[in-house]
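**Student:** I'd like to ask you about the structure that follows.
The values are calculated or read from the model by the stated rules, or taken from the named source; none is laboratory data. This one's a predicted model, so the numbers in the text were calculated from it and none came from an experiment. So basically every Cβ, Gly included, is an ideal-geometry build from the backbone, and we count neighbours across all protein chains shown. For accessibility, only protein heavy atoms count, side chains too; no ligands or nucleic acids. Shrake-Rupley method; radii C 1.70, N 1.55, O 1.52, S 1.80 Å.
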Amino acid sequence: MSVETETLELGGAPSVATGAGLVLLYAPEGPSVPPLVLLSEDARVLGREPPPGGVALPFASVSRVHARVFRRGAEIVVEDLESRNGTFVAGARVERAFAAHGDEVRVGEVLFKVVTTGIERYQHPDSPVPPALEGLRGGASMEAVRREILRIARADLSVLVLGETGSGKEVVATALHRASGRPGRLATVNCAAIPANLLESELFGYKRGAFTGADRDRMGIVKSADGGTLFLDEIGDMPLEAQAKVLRMLETRQVTPLGSHVSEPVDVRIVSATHRPLPRFVDQERFRADLFARIAGHTIALPPLRERKEDLADLVRHFLAKAGGSHLRVAPAFMLGMLGYAWPFNVRELEAAIKRAVALADDVLDERHLPVNAGTRALAVADAAKTLGEGRSSAPPAEALRALLERHGGNVAAVARELGKDRAQVHRWMKHHALAAETFRK
């Protein structure tokens, strides 16, 4: 069925799936909120008590009729309806704005992501995740990765996994091995951690007497993965000399331990991973072109966490349970602050942040438990959410207010717009923290 003719029951009234809409990133606990809001040229009203055809967001932080959203050509238009707490697009308070693909729209304590095409892909998959792939948590983006893994898991292909640091490349390698049905083990080599002079002996093993200290035979990592999968992590950092030896192993399917003249057959499936730009490295002769051709039989690219923030709430719950923090209440200020952070080190950084928060929290996670390097935008969003949730105007931390003033060059009106506050309120906060606008003007 084509996207143009498909009718879906999402976000309130039935609507033709044009491919544009809003994807829910976060809503406070309590009443359910549509995970997808499909948009057309007919405006959809978002509010606590919207008119027929609107989208109900039944929270105290949302005005009765809060905002109007509609599609105009290839653009999404967002209009505030004189709401009490304001409507925000990409972190800035707006009266009317054009939202680009990926922009975040905040209505009270509810946060959406704008999708200008392909929103049907964000529907939660109906089929359960196979046990072999359960480590790959997430919705639309990770569902595409899971399907790709299942398609090629049993094929006789080397796989190259690309992704930023902490994005889950080792999880993909583990899923590929489990889904492959290969009887051998999964063996991992961190190519960046093993010194160049030891890499050959670690990979291929050695015979007794091969070098000083070699008092017995030792099986290499490659041979230990015979019948299974060899995961070459951070292969972009492998020295050129070692690359030549790995290439020979891939071509001959044999290994020769140090100190031996006898080659031994080996059957391994190669999965490599890197955050390095290997094609550029090939052009610069920092990585062998023939080895690149061998390891890139099929390429899987992992999206960074900042591009799949619709998964963040579920990942937070998962890591809370893993860290023994399922009993903790998650305040809107915490979640909105987490969503306001770019996560440069991806899921690995998120898990570490949740472990820290669980260790520090008593019964609730709030803005005090955000990552120490969360940044100005995350702190500002969290403070605004705290003010909405408490129904009072508590001052933001001095550090967050100072950073906002620096970014806006001492323009108090711009700071007030970003925080969704009157200028008079911002001036009171500045007085409370002994901050003067003139100090930040260039």
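**Student:** Loop-only trypsin sites (Lys or Arg not before Pro) in segment 219-308, please: DSSP not H, G, I, E or B, and at most 10 other Cβ atoms within 10 Å.
**Tutor:** none
**Student:** Next question. Please work out the Cα center distance from segment 145-213 to segment 311-335, rounded to the nearest Å.
**Tutor:** If you average the Cα positions of each part, the centres end up 31 Å apart.
**Student:** If you work out volume of the Cα convex hull per residue in Å³ from the coordinates, which of (1) 197; (2) 170; (3) 156 do you get?
**Tutor:** Matching the structure shown: (1).
**Student:** Find the Cα radius of gyration of segment 22-126, compare it with 2.2 N^0.38 Å by division, and give the number to two decimals.
**Tutor:** 0.97
**Student:** For a quick check of your reading of the filter: which trypsin sites (Lys or Arg not before Pro) in segment 32-98 sit in a DSSP loop and have no more than 13 other Cβ atoms within 10 Å? The partial results should precede the final answer.
**Tutor:** Working: sites: 44, 48, 64, 68, 71, 72, 84, 93, 96; in loops: 48, 64, 84.
Those that pass, being in a loop and sparsely packed, are 64, 84.
**Student:** Also, I was wondering about something else. Between residue 216 and residue 98, what length comes free when the chain is fully extended (0.36 nm per residue of separation minus the Cα-Cα distance, one decimal in nm)?
**Tutor:** Gain on extension, residue 216 to residue 98, equals 35.5 nm.
**Student:** Continuing with this model, one more query. Ignoring ligands, DNA and RNA, what percent of the accessible area of the chain is carbon or sulfur (1.4 Å)?
**Tutor:** Working: 10320 of 20980 Å².
Ligands and nucleic acids excluded, carbon and sulfur reach 49 percent.
**Student:** For the chain, modelled as a Gaussian network with Cα springs under 10 Å, which listed residue fluctuates most, 120, 351, 41?
**Tutor:** Result: 41 has the largest fluctuation of those listed.
**Student:** Additional query: Cross-link partners among lysines for residue 113, C-alpha distance below 17 Å, same-chain residues fewer than 8 apart left out?
**Tutor:** Result set, ordered by chain and number: 309.
**Student:** If N is the number of residues in segment 151-274, what value comes out of its Cα radius of gyration divided by 2.2 N^0.38 Å?
**Tutor:** Here the answer is 1.06, to two decimals.
**Student:** Continuing with the same structure: Given Cα pairs under 8 Å that are at least 6 residues apart, what percent is the relative contact order of the chain?
**Tutor:** Reported as a whole number, the value is 12 percent.
**Student:** Sticking with the crude label model, points 7 Å out along Cα→Cβ, report the distance from residue 147 to residue 251 in nm, one decimal please.
**Tutor:** Once both label points are built, they end up 3.9 nm from each other.
**Student:** If you build a Gaussian network model of the chain, linking Cα atoms that sit under 10 Å apart, which residue out of 181, 209, 21 swings the most?
**Tutor:** Of 181, 209, 21, the Gaussian network model singles out 209 as fluctuating most.
**Student:** For the charge dipole of the chain, defined by +1 on Lys and Arg C-beta atoms and -1 on Asp and Glu C-beta atoms about the Cα centroid, which residue among 195, 222, 122 has the Cα displaced farthest towards the positive pole?
**Tutor:** 195
**Student:** What's the magnitude of the charge dipole for segment 226-326 around its Cα centre, counting Lys and Arg as +1 and Asp and Glu as -1 at the beta-carbon? Answer in Debye, nearest 20.
**Tutor:** 220 debye
**Student:** Show that you can apply the helix-only estimate: for the chain, add -39,500 (n - 2.57) for every DSSP H stretch of four or more residues, divide by all residues, and state [θ] at 222 nm to the nearest 500.
**Tutor:** Calculated mean residue ellipticity at 222 nm is -9500 deg cm²/dmol.
**Student:** If R₀ is 51 angstrom, what is the calculated FRET efficiency for the pair residue 190 and residue 411, using the beta carbon separation as r and rounding to 0.05?
**Tutor:** Rounded to the nearest 0.05, the efficiency is 0.60.
**Student:** Only sites in a loop by DSSP and with at most 11 other Cβ atoms within 10 Å count here; which GluC sites (Glu not before Pro) in segment 124-161 make the cut?
**Tutor:** none
**Student:** Given the options 80, 126, 226, state which has the largest fluctuation in a GNM of the chain using a 10 Å cut-off (strictly under) for Cα springs.
**Tutor:** 126
**Student:** Subtracting the Cα-Cα distance from 0.36 nm times the residue separation, let me have the gained length for residue 117 to residue 81 in nm, one decimal.
**Tutor:** Difference between extended and current length: 10.4 nm.
**Student:** Are there any helices in the chain, counted as whole DSSP H runs, that stretch 20 Å or more along their axis by Cα and score at least -0.5 on average by Kyte-Doolittle, and if so which?
**Tutor:** Sorted by number, the helices that extend far enough and score high enough are 346-360, 376-390.
**Student:** Kindly report the accessible area of the chain per residue (heavy atoms of protein chains, probe 1.4 Å, no ligands, DNA or RNA), in Å².
**Tutor:** Computed with neighbouring chains in place, this is 47 Å² per residue.
**Student:** With an 8 Å cut-off on Cα pairs and a minimum separation of 6 or more residues, tell me the relative contact order of segment 90-137 in percent. Display every interim value, and only then the final one.
**Tutor:** On the way: 28 pairs, mean separation 11.5, N = 48.
Taking the mean separation of contacting Cα pairs over the length of segment 90-137, I get 24 percent.
**Student:** FRET efficiency for residue 224 and residue 352, Cβ-Cβ distance as r, R0 = 41 Å, nearest 0.05?
**Tutor:** After rounding, the FRET efficiency stands at 0.85.
**Student:** Quick one: of 169/245; 322/421; 207/245; 169/355, which pairs are farther than 27 Å apart, Cα to Cα?
**Tutor:** The answer is 322/421.
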